[in-house]
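Have a look at the structure below, then the notes.
Each value in this text was obtained by applying a stated rule to the coordinates, not by laboratory testing. On a predicted model such as this, the values are computed, not experimentally measured, just so you know. Backbone-built Cβ (ideal geometry, glycine too); neighbour counts: all protein chains shown.
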């Protein structure tokens, strides 16, 4: 009886160790919008930047559509339509590397807007989707005094 219990315990420990060594590729990445300007005036030009970070200590080959990072601003009361990405390319991201995407826009109408970033790719045999935001952007007709 003791021998069977010892074998069962060893089997459980081996299974637990095998499960513990498997880590998700998704946990290796983060997506963030960097220091967004949250107010603006009509006619003003603003640049927004999002960054995809490889926080792991290993290189990944990302399979993704073009562009890798989608960064967009839309009216707060609207629901944005994400484009369908049909072309697939591969990008290598090194350990600790950051990939950036910026958009430069001119604010044309006053109102409340939302800024959002997203990316979809495959890495390490996993399909990964990341989002950052939405962040509120208030556009006024005149600069506050």
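Using r as the Cβ-Cβ distance of residue 55 and residue 112, and R0 as 35 Å, what FRET efficiency do you calculate, to the nearest 0.05? Walk me through the numbers before you get to the answer.
On the way: r = 33 Å, r/R0 = 0.93.
For R0 = 35 Å, the calculated efficiency reads 0.60.
What ranking do 64-75, 37-48 get when scored by the average of other Cβ atoms within 10 Å per residue, highest first? The partial results should precede the final answer.
On the way: 64-75: 17.1, 37-48: 14.2.
With the highest mean Cβ count within 10 Å placed first, the list reads 64-75, 37-48.
For a paramagnetic label modelled at 7 Å from the Cα of residue 77 toward its Cβ, which residues of segment 108-133 fall within the zone defined by backbone nitrogen distances under 19 Å?
It comes to 108-115, nothing else.
What does the highest-first list of 132-141, 110-119 look like by mean Cβ count within 10 Å? Could the numbers behind the result be given before it?
Values: 132-141: 16.3, 110-119: 18.8.
In descending order of packing, they fall as 110-119, 132-141.
Could you tell me the extents of segment 20-145's C-alpha atoms along the three principal axes, largest first, rounded to whole Å?
Result for segment 20-145: principal-axis Cα extents of 56, 29, 23 Å.
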